[in-house]
Amino acid sequence: MSEPLERRSIISGVGQSAIGRRLFRDDLELTCDAALAAIADAGLCPDDIDGIGAYPGPIQGGPGFAGPGVYEVQDTLGIDVRWHLSGLEGPAQISPIIHAALAVAAGLCRHALVYRTVTEATAAADTGRRGIGAGSAEISGFAAFFIPFGAMSAANWLALYARRHMYEFGTKKEHLGAVAITARRHAGLNPAAVYRTPMSMDEYLGARMISDPFGLYDCDVPVDGSTAVIVSSVEAARDLPHPAVRFNAVGTALRARPLWDQWGDITTMAARDAAAHLWSRTDLKPADVDTAQLYDGFSFLTLAWLEALGFCKKGESGPFVEDGRIALGGALPLNTWGGQLSGGRLHGFGFVAEAVRQLRGECGARQVPDCEVAVVGVGGGPVAGCMLLTK
């Protein structure tokens with residue numbers, strides 16, 4: 001196998017704005033805070049940035065979902081670019097990071113700023129967390145087969161996947177709880193996490209139901225915040241103030257119909273194809289991974305990613321998360337920043353930031369010892385993308 005193109009790129013910097021519930025701050029302001037922090041972290045200045053990318057771009061989503069567009073950020077920062085990209089479709093929320101790595105490797109730019117910004121918590125201050133179809137005058141596409149029947153949230157759609165997994169493999173509510181409780185324990189070591197108070201299994205099981213089998217603590221928590229990374233040419237690694245984080249492999253494959261309700265096997269999802277693609281591009285194996293940062297928009301998604309990435313066999317993710325295996329000190333420390341269940345819904349980019357900091361040894365009390373390989377898996381349902389990052 002020839003060397004994957006993504007290995008010609010590195011992550012040279014990472015930065016985040018303030019993260020919290022209802023900050024009531026402008027999304028452009030938060031984005032610039034994160035961008036400038038990432039640029040400084042890479043030892044660069046704004047004039048060095050010649051590429052920019054973002055998820056999802058200027059789309060009509062729920063209030064606070066999209067964040068500012070790349071042209072608005074480019075103009076505000078006063079940078080000139082040779083490569084620029086944003087868009088909703090692709091291998092989940094980290095698609096612009098993957099595209100940036102390939103653009104840098106191809107020589108389209110040398111240092112690319114990639115960001116994701118959300119202000120969903122502030123946006124929901126007056127309305128609460130609304131369903132995807134709320135207030136829409138016309139419903140089209142796949143949503144036309146869900147929303148008229150009251151399934152207005154991804155919580156409803158993914159609950160069907162979780163229930164099928166429980167039926168087929170005996171997965172228990174307590175297994176979902178192990179994901180949520182471990183995330184909360186890790187969040188207690190992260191000063192930026194939203195929820196840091198320890199949670200017991202009784203508290204988890206006693207939470208109000210959202211969409212069976214998901215209770216309140218199976219669902220990520222909306223926040224305001226921005227995360228930015230700098231993707232640079234591998235030649236820049238020798239000039240960095242911090243150790244470079246290297247792209248070893250990425251996974252972007254999608255080998256099924258990209259629809260929530262037309263998946264051939266609803267005990268799995270797009271993570272299956274992206275993960276298989278990732279492992280086909282590297283000589284590393286699941287046993288080489290020191291920490292996994294896996295999407296937990298809902299707790300079941302993390303179980304699906306564990307199976308897809310081969311950390312356990314299909315149907316065995318429930319027992320896999322028992323007995324402290326995914327906790328700090330366990331065989332596979334998982335979502336060590338608290339994930340989106342307790343750290344806050346940064347829509348995928350929080351996992352990237354944590355993986356970078358773990359590989360650089362910057363996580364303090366939650367640091368995974370001798371961390372050299374991290375996997376990031378983002379997305380759920382019909383779209384997913386993943387990255388294998390190394391020191």
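Brief remarks on what is shown
- Test: F311 is touching a residue at least 12 places away in the same chain (Cβ under 8 Å) and in contact with an Asp or Glu (Cβ under 6 Å, 6 or more places away or on another chain): no
- Qualifying residue in the stretch 277-284 (condition: within 29 Å of E120 (Cα to Cα) and either of a type in the set (V, I, T) or touching a residue at least 12 places away in the same chain (Cβ under 8 Å) (or both)): no
- Condition met for A155 (of a type in the set (A, V, I, L, M) and either more than 19 Å from the chain's Cα centre (by Cα) or at pLDDT 95 or above (or both)): no
- Residues satisfying the stated conditions in the stretch 8-27, i.e. buried (at least 17 other Cβ atoms within 10 Å of the Cβ) and touching a helix residue (DSSP H, G or I) at 6+ places or on another chain (Cβ under 7 Å): R8, S9, I10, I11, S12, G13, V14, G15, Q16, S17, L23
- Answer residue from the stretch 248-304, given it is polar (S, T, N, Q) and out of contact with any Phe, Trp or Tyr (no Cβ under 9 Å at 6 or more places or on another chain) and is most open to solvent (accessible area, probe 1.4 Å) among those: S280
- Filter result (touching a Cys at 6+ places or on another chain (Cβ under 9 Å) and aliphatic (A, V, I, L, M)) within the stretch 203-227: I210
- Selection status of A121, surrounded by fewer than 23 Cβ atoms within 10 Å (Cβ to Cβ), out of contact with any helix residue (DSSP H, G or I) (no Cβ under 8 Å at 6 or more places or on another chain) and not in a loop (DSSP other than H, G, I, E, B): no
- Matching residues in the stretch 180-209 - criterion: being over 21 Å from I19 (Cβ atoms) and within 24 Å of the chain's Cα centre (by Cα): I181, Y204
- Some residue of the stretch 263-274 being touching a residue at least 40 places away in the same chain (Cβ under 8 Å) and more than 28 Å from E307 (Cα to Cα): no
- Restricted to helices (runs of 4 or more DSSP H) entirely inside the stretch 154-205, those with at least 2 residues that are without any contact (Cβ under 8 Å) to a residue 24 or more places away in the chain are 201-205.
- Among the residues of the stretch 334-350, those identified as open to solvent by less than 10 Å² (accessible area, probe 1.4 Å) and over 14 Å from G380 (Cβ atoms) are L334, N335, T336, G338, S342, G343, G344, L346, F349, G350.
The values are calculated or read from the model by the stated rules, or taken from the named source; none is laboratory data. Everything numeric in this text was worked out from a predicted model, so none of it was measured. We place every Cβ from the backbone using ideal geometry, glycine too, and count neighbours over all the protein chains shown. Heads up: the accessible areas ignore ligands, DNA and RNA and are worked out on the full protein's heavy atoms, side chains in. Shrake-Rupley method; radii C 1.70, N 1.55, O 1.52, S 1.80 Å.
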